[in-house]
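K.L.:
Encoded as C-alpha cells, here's the structure I'll be asking about.
Coordinate-derived values only; no laboratory data. Note that the structure is predicted; figures quoted are calculated from it, not measured. With ideal geometry, Cβ positions are generated from the backbone for all residues, glycine too; neighbour counts draw on all protein chains shown.
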Amino acid sequence: MPENRENYFPGLEGVNIDTTRLSFVDGKQGRLYYCGYTIEDLAAHCTFEEVAYLLFYGELPTSKQLYDFKSLLLAERYLDPHLKSIITLTPKTGHPMAVLQALTAQLAMHDREIADKSLEAKKRKAIRIIAKLPLVVTYFENVRTGMRTMEPRDDLGHAANYLYMLRGKEPTPEEEKVFDTALILHMDHGCNNSTFTCRVVSSTEADIYSAVVAAIGSLSGPLHGGANERVIRMLESIEELDEVEPYINDKVEKKEKIMGFGHRVYKVMDPRAKILRELAEDFVVDDPAMNKCLKKANLFYKVAEERFQKQGRMDIWPNVDFFSGVLYKALGLPRDFFTPVFAISRVVGWVAHHFEQVEDNRIYRPRFIYEGAALGRDFVPMNKR
Ligand code: ACO
C-alpha cells in the first residue's frame, strides 16, 4: 500500500543525512566555520591553498606542509594538448558551467589512474581536479574571445594565476587578495545542494570525477550558485538609483523571488555576504561605474530588507550571491564566469566531502510517496486504447 505523508520532508528540510568534520553553518547567529575556525579568521589571514589544505587534512598547514601541498597543485597546473583542442572545438556560445561539466568528464577520460580505486590515487585525482578546473574555464575564455591563449604560471598562487590566465595580465596584490578571499568564502558550506549531490553520486561508488560533474550541474541552478550571475544581471537592468524601489515593489507584488536573498539555513545575514560587501566597499572606491553599481546594490539591500520586514519576514536576508557579483564585475570577470568562480572554489569542499562519504559509505536511497494511478489497473492492449 502507498505510504501516507507522515515521513515527508519537502526539500529535505531539517533532515540530517550524515556527519561531517568539515564545516558548520550556524543559521541563527549567522556564523560559518571550517574545521572549527571562523570564516572571518580564515578570510583575513589565509590563502586559498592554506584553506584547501585545512579541508583536505583537518588542520592548518605548517609552512613546510603548505609548500608541499602547493607543489602538488603546481605539478598538475597544466592541460593536456588534447584537452586544449577539445576546448577549442567547444561551441563559443556554451555557458562556462556547461564547459566545466563537459571538460571535467573529459579530464576523467584522460586520467590514467581512473581505474585505481585506492585512497592515495583518489587524493591525487582530487588535487588534479582542483588544479585543472580553473585552467579549463580560463582557456575557454581565451578561445571564445579570440585573445591569445595563456599558459599557467608557476610563480603565481592559485587565485592570481586564475586572474592572470583569464584577463591576460597579472593581478595587483590587492586584486589577488580580494579574489583569494572570495574563493575562501565559497569553499564549503554544510550540506548545500551541490555538496549533497556530490555525496549522493559518491555513495554509489562512482569515481570522484562523476561526483564533481554532477555537483557542477547542481551549482549552476539559479536557486544555488547560479544566483550570482542573475544578481548582477538584475542590478544592471536597473539603470538609476531611483528605479531600485519600484523594481523591488514590482517583484514583491508579483510574488517573485529576489535573486541573492533568502537561505534555507541562515535566518540572519549570511556572514559571507557581510565580508564580500566590506571587500567591495574597499575595492571599488576609485572606479565611478563600479561605485554606482555598489551604491545600487547597497540601496537594493536596504529597500528590500525594509520591504521584507514590513511583511513580517525577518528571515530573508542577502546571501553569499548578492554582493559577490559586484566584486567580480569590479575585477573584470565576464558575468557568466561568476558561477564558475564559485565552482573552482567549492570543488575543494566537494572532494573533501567525497572522502568523508567513501570513508563510511552507505548508498543514498530515499523513497517517494506514491500518488499515481490506482495500483493494478486493467492493462489495455495497443489496438484497444
Ligand atoms: N525573495 C522573495 N521571497 C523569498 C526569497 C527571495 N529571494 N527567498 C525565500 N522567500 C520566501 C518564499 O517566497 C517563501 O515564502 P512563503 O513562506 O510565503 O511561501 C519563504 O521565503 C521560504 O522560501 P523557500 O523558497 O521555501 O525557501 P527554501 O529554503 O526552500 O529556499 C532559497 C532557499 C532557494 C535560497 C530561496 O531563498 C531562494 O530561492 N532565493 C533566491 C535564489 C538565491 O539567491 N539562491 C542562492 C542561495 S545561496 C547559495 O545557494 C549559494
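K.L.:
Which residue is nearest to ASP18 (Cα to Cα), if the candidates are limited to the range 183-196 and must be assigned to a helix (DSSP H, G or I), of a type outside the set (Phe, Trp, Tyr) and within 12 Å of the ligand (Cβ to nearest atom)?
P.N.:
Going through the qualifying residues, I end up with THR195.
K.L.:
When the residues of the range 302-329 are filtered to those that are away from the ligand (no atom under 12 Å from the Cβ) and more than 19 Å from the chain's Cα centre (by Cα), which remaining residue is surrounded by the most Cβ atoms within 10 Å (Cβ to Cβ)?
P.N.:
VAL303
K.L.:
Do we find that SER220 is surrounded by 17 or more Cβ atoms within 10 Å (Cβ to Cβ) and either within 19 Å of PHE337 (Cα to Cα) or among the hydroxyl-bearing types (Ser, Thr, Tyr) (or both) in this structure?
P.N.:
Taking the combined requirement at face value, the residue satisfies it.
K.L.:
Something else: It is to be established whether one or more residues within the range 172-182 are within 16 Å of the ligand (Cβ to nearest atom), hydrophobic (A, V, I, L, M, F, W, C), within 22 Å of the chain's Cα centre (by Cα) and under 16 Å from GLU49 (Cα atoms).
P.N.:
yes
K.L.:
While we're looking at this one, here's another question. Within the range 191-199, is even one residue touching a residue at least 24 places away in the same chain (Cβ under 8 Å) and aromatic (Phe, Trp, Tyr)?
P.N.:
Yes, some residue in the range 191-199 is touching a residue at least 24 places away in the same chain (Cβ under 8 Å) and aromatic (Phe, Trp, Tyr).
K.L.:
Of everything in the range 276-295, what is exposed (fewer than 13 other Cβ atoms within 10 Å of the Cβ), of a type in the set (A, V, I, L, M) and part of a helix (DSSP H, G or I)? Give them in sequence order.
P.N.:
Across the range 276-295, the qualifying residue is only ALA289.
K.L.:
Between residues in the range 137-159 that are at negative phi and residues that are of a type in the set (Ser, Thr, Tyr) and surrounded by fewer than 18 Cβ atoms within 10 Å (Cβ to Cβ), which pairs lie under 6 Å by C-beta distance while being six or more apart or on different chains?
P.N.:
Close Cβ pairs satisfying both conditions: ASN142/THR149; VAL143/THR88.
Matching residues to (1) buried (at least 19 other Cβ atoms within 10 Å of the Cβ); (2) in contact with a Ser or Thr (Cβ under 7 Å, 6 or more places away or on another chain); (3) hydrophobic (A, V, I, L, M, F, W, C):
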| position | (1), (2), (3) |
| --- | --- |
| TYR34 | yes, yes, no |
| TYR53 | yes, no, no |
| PRO61 | yes, no, no |
| SER71 | no, no, no |
| GLY94 | no, no, no |
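K.L.:
For the range 9-23, check the following and say yes or no: at least one residue is of a type in the set (Phe, Trp, Tyr) and in contact (Cβ under 8 Å) with a residue 12 or more places away in the chain.
P.N.:
No, because not a single residue in the range 9-23 is of a type in the set (Phe, Trp, Tyr) and in contact (Cβ under 8 Å) with a residue 12 or more places away in the chain.
K.L.:
Additional query: Do the conditions hold for VAL200, that is, is it in a helix (DSSP H, G or I), away from the ligand (no atom under 11 Å from the Cβ), β-branched (Val, Ile, Thr) and surrounded by fewer than 22 Cβ atoms within 10 Å (Cβ to Cβ)?
P.N.:
yes
K.L.:
Related question: Looking at the range 278-292, I want the residues that are without any contact (Cβ under 8 Å) to a residue 12 or more places away in the chain and have a partner that is surrounded by 13 or more Cβ atoms within 10 Å (Cβ to Cβ) and aliphatic (A, V, I, L, M) with Cβ atoms under 6 Å, at least 6 apart or on another chain. Which pairs are those?
P.N.:
ASN291/VAL284
K.L.:
Please identify the pairs in which a residue from the range 208-228 that is more than 14 Å from the ligand (Cβ to nearest atom) has its Cβ atom under 9 Å from the Cβ atom of a residue that is among the basic types (Lys, Arg), counting only partners at least 6 apart or on another chain.
P.N.:
ILE208/LYS122; ILE208/LYS125; TYR209/LYS125; ALA211/ARG199
K.L.:
Based on this model, can you work out whether PRO152 counts as in contact with a helix residue (DSSP H, G or I) (Cβ under 8 Å, 6 or more places away or on another chain), buried (at least 16 other Cβ atoms within 10 Å of the Cβ) and not in a helix (DSSP H, G or I)?
P.N.:
Yes, satisfied.
K.L.:
Out of all the residues in the range 244-300, which are out of contact with any strand residue (DSSP E or B) (no Cβ under 7 Å at 6 or more places or on another chain) and acidic (Asp, Glu)?
P.N.:
GLU245, ASP250, GLU253, GLU256, GLU278, GLU281, ASP282, ASP286, ASP287
K.L.:
If I go through the range 247-275 residue by residue, how many of them are away from the ligand (no atom under 12 Å from the Cβ), within 19 Å of the chain's Cα centre (by Cα) and part of a helix (DSSP H, G or I)?
P.N.:
So the answer is 3.
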